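A short reminder: the numbers here are calculations on the coordinates, not readings from a lab. Everything quoted here is computed from the prediction, not taken from an experiment. Here the Cβ positions follow ideal geometry from the backbone for every residue, glycine too, while neighbour counts run over all protein chains shown.
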Amino acid sequence: MSAADTPKRSMRTPLGRVRNLGAAHSGTSDFWRQRITGVAMTLLMIPALVIIMMLLGRNQVYAAQTLSSIPVAVILLLFIFASAWHMKIGMQVVIEDYVHNEKLKLVSVMLNNFFSIGVALASTYAILKLSSGV
Amino acid sequence: MQVYRWTLTMALSIVHRATGIALYVGTLLLVWWLVAAASGPAAYAHVQAFTGSIIGRLIVFGYTWALMHHMLSGIRHFVWDLGYGFKANEREALTWGALIGGIALTVLIWIIAYANGGGR
């Protein structure tokens, strides 16, 4: 909350200031996205498992060829996007529950973002590189 | 916390978190695999040497279970989110379902994996 929102004398009631903020200070968007990404991964689980089964014990040439096909690449990209988002939210909940030191909490939340985005971007780059055949 | 009698639902709530954290770390394996596939045969052979080793197989087996358990346990949460399954016997049934289902699916996946490609 910025300083402008909390002057020494405010006409806003305490209830008005806290309404819609909730315990997470941001409302229910993370709660909802956690569910969307969870449902998405559940739906994508069978296709993702089939892709992995297809590649078991195969060499890199076969794997690269399979991973570069459009349906396979799209399924994996969706799965990775949903996973990275889901795990970012999940780990943030764990951090907020167990890390009580404010500075350590901020650092942890930040590292969590870096890790999750890193996982998403590295996987996406690899799949796009395979798809472009470079 | 000590005043609570431990229930299966409480224990499984912690397992849901623990498997979530394990899956979080385990995504590194997924990234390594995809980046190696995009890098070339030598890098890919390293991944295969690791996943084919005893430790590698144990980790991937554990990862499979964590994924299946977390998914079923998550579906249990969806049922609760929709407002069903709160009676004592329903809670227990859903929780046992996630526990047994997670193990059963893991074994099933590995049987299919071995039948399909483990010998290649």
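Of (1) closer than 23 Å to A:Phe115 by Cβ; (2) more than 9 Å from chain B (Cβ to nearest Cβ), A:Met91 satisfies all except one. Which?
Only one criterion is unmet by A:Met91, namely (2).
Looking at B:Thr64, B:Thr27, B:Thr7 in this structure, which one is under 19 Å from A:Phe115 (Cβ atoms) and out of contact with any Asp or Glu (no Cβ under 8 Å at 6 or more places or on another chain)?
B:Thr27
Please pick out the residue among B:Gly62, B:Gly56 that is of a type outside the set (A, V, I, L, M) and touching a residue at least 12 places away in the same chain (Cβ under 8 Å).
B:Gly62
Of everything in region A:119-134, what is within 27 Å of B:Val15 (Cβ to Cβ) and either free of Cβ contacts under 8 Å to residues at least 40 places away in the same chain or more than 14 Å from the chain's Cα centre (by Cα) (or both)? Give them in sequence order.
Within region A:119-134, A:Val119 is the sole residue that qualifies.
For the condition free of Cβ contacts under 8 Å to residues at least 12 places away in the same chain and farther than 30 Å from B:Met10 by Cα, what is the one hit in B:Ala104, B:Ala88, B:Ala115?
Working: B:Ala104 fails: farther than 30 Å from B:Met10 by Cα; B:Ala88 fails: farther than 30 Å from B:Met10 by Cα.
Checking each option against the conditions leaves just B:Ala115.
Can you name the helices (runs of 4 or more DSSP H) wholly within region A:19-113 that have at least 3 residues being under 22 Å from B:Thr27 (Cβ atoms) and of a type in the set (D, E, K, R)?
It comes to A:29-55, A:70-98.
Given B:Val60, B:Val47, which one is surrounded by 16 or more Cβ atoms within 10 Å (Cβ to Cβ), over 14 Å from the mean Cα position of the chain (by Cα) and among the β-branched types (Val, Ile, Thr)? Before you say what the answer is, go through the steps one by one.
On the way: B:Val60 fails: over 14 Å from the mean Cα position of the chain (by Cα).
One residue alone meets the criteria, B:Val47.
When you check B:Arg5 against the structure, is it of a type in the set (Lys, Arg) and either within 12 Å of another protein chain (Cβ to nearest Cβ) or part of a helix (DSSP H, G or I) (or both), yes or no? First the steps, then the outcome.
Values: of a type in the set (Lys, Arg): yes; either within 12 Å of another protein chain (Cβ to nearest Cβ) or part of a helix (DSSP H, G or I) (or both): no.
Judged against the criteria, B:Arg5 is not a match.
When B:Lys87 is evaluated against the numbered criteria (1) surrounded by 13 or more Cβ atoms within 10 Å (Cβ to Cβ); (2) out of contact with any His (no Cβ under 9 Å at 6 or more places or on another chain), which criterion, by number, is the only one it fails?
Against the list (1) surrounded by 13 or more Cβ atoms within 10 Å (Cβ to Cβ); (2) out of contact with any His (no Cβ under 9 Å at 6 or more places or on another chain), B:Lys87 comes up short only on (1).
Here's the yes/no breakdown for (1) aliphatic (A, V, I, L, M); (2) farther than 20 Å from A:Gly57 by Cα:
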residue	(1), (2)
B:Gly52	no, no
B:Leu58	yes, no
B:Trp65	no, yes
B:Ser73	no, yes
B:Val79	yes, yes
B:Leu94	yes, yes
B:Gly97	no, yes
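Which count do you get for residues in region A:59-112 that are charged (D, E, K, R), surrounded by 13 or more Cβ atoms within 10 Å (Cβ to Cβ) and without any contact (Cβ under 8 Å) to a residue 60 or more places away in the chain?
Result for region A:59-112: 2.
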